[in-house]
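The values are calculated or read from the model by the stated rules, or taken from the named source; none is laboratory data. These numbers come from a predicted model, not from an experiment. Cβ coordinates were reconstructed from backbone atoms using ideal geometry, including for glycine residues, and neighbour counts include every protein chain displayed. Surface accessibility is based on the protein's heavy atoms, side chains included, excluding ligands, DNA and RNA. Shrake-Rupley method; radii C 1.70, N 1.55, O 1.52, S 1.80 Å.
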Amino acid sequence: MKTEPVYAEHTIAGVCFQGIWRWYVTEREYWFLNVEMEERFGIHVLNEETAAVFLEAIQEEQVSTAELRCELQHFREKHREGDEWLKYVPSFLVDFDQRLFFSMFPEPASYEHYMPEGWTGSYSNFLERVPETECYWKSQGRSLFEENLV
């Protein structure tokens with residue numbers, strides 16, 4: 001994993017583009033979809049038309065479900081108490097195919113209000129929308145997000 005998750009700074013984002021699911025750990029600012037920023041590789045509006053260029057530019061930030069699961073399991077084994085594990089909760093789900101954006105970003109920022117034309121954004125728990133095979137926080141029938149792991 002090139003970039004480690006850092007609570008409310010380097011966030012985990014799930015992306016669906018052209019029917020393919022991917023996870024990324026990136027700077028949080030990338031996910032203000034319709035805000036112009038120089039740091040986003042010259043892409044002014046991030047939408048289904050610019051997604052291919054953007055995803056190519058952040059390719060090194062892509063991380064597999066297996067790697068995220070392994071990292072989270074290792075972290076939870078070492079940190080059985082406290083809430084530092086929250087950095088592994090995904091902050092965003094961006095479905096470029098359906099033009100949907102979901103945020104669970106843990107701090108006030110309202111990413112869901114910065115949507116390209118024709119997109120729907122919401123602040124809501126999107127974990128149930130993640131394909132079962134991509135749920136890196138699940139292992140042996142249990143959620144690694146549970147507070148009291150034995």
Legend entry - Criterion: open to solvent by less than 30 Å² (accessible area, probe 1.4 Å), touching a Leu at 6+ places or on another chain (Cβ under 7 Å) and either farther than 21 Å from residue 18 by Cβ or in contact (Cβ under 8 Å) with a residue 24 or more places away in the chain (or both) - qualifying residue of 114, 88: 88
Legend entry - Which numbered condition residue 44 fails, given (1) out of contact with any Phe, Trp or Tyr (no Cβ under 8 Å at 6 or more places or on another chain); (2) modelled with pLDDT of 95 or more; (3) under 20 Å from residue 32 (Cβ atoms): (2)
Inset, instruction - Tally the residues that are under 17 Å from residue 97 (Cα atoms), aliphatic (A, V, I, L, M) and out of contact with any Phe, Trp or Tyr (no Cβ under 6 Å at 6 or more places or on another chain), restricting the search to the range 1-33. - result: 2
Legend entry - Every residue from the range 1-36 that is under 16 Å from the mean Cα position of the chain (by Cα) and assigned to a loop (DSSP other than H, G, I, E, B): 1, 2, 3, 4, 5, 7, 8, 9, 32, 33
Legend entry - Residue satisfying condition, being surrounded by 13 or more Cβ atoms within 10 Å (Cβ to Cβ), of a type in the set (Gly, Ala, Ser) and either touching a helix residue (DSSP H, G or I) at 6+ places or on another chain (Cβ under 8 Å) or within 19 Å of residue 5 (Cβ to Cβ) (or both), within set 82, 121: 121
Inset, instruction - Examine the range 60-73 for a residue that is farther than 19 Å from residue 138 by Cβ and surrounded by fewer than 18 Cβ atoms within 10 Å (Cβ to Cβ), and state whether such a residue exists. - result: yes
Inset, instruction - For residue 41, indicate whether it is surrounded by fewer than 19 Cβ atoms within 10 Å (Cβ to Cβ), on the phi > 0 side of the Ramachandran plot and touching a helix residue (DSSP H, G or I) at 6+ places or on another chain (Cβ under 6 Å). - result: yes
Inset, instruction - Note down all Cβ pairs under 8 Å where the first residue falls in the range 55-80 and is free of Cβ contacts under 8 Å to residues at least 24 places away in the same chain, the second is among the hydroxyl-bearing types (Ser, Thr, Tyr), and they're at least six residues apart or on different chains. - result: 75/88
Inset, instruction - May I ask you to list pairs of residues, at least six apart or on different chains, whose Cβ atoms are under 6 Å apart, with the first in the range 1-26 being open to solvent by 10 Å² or more (accessible area, probe 1.4 Å) and the second being assigned to a strand (DSSP E or B) and modelled with pLDDT of 95 or more? - result: 1/63; 3/10; 3/25; 10/25; 16/95; 22/15; 22/62
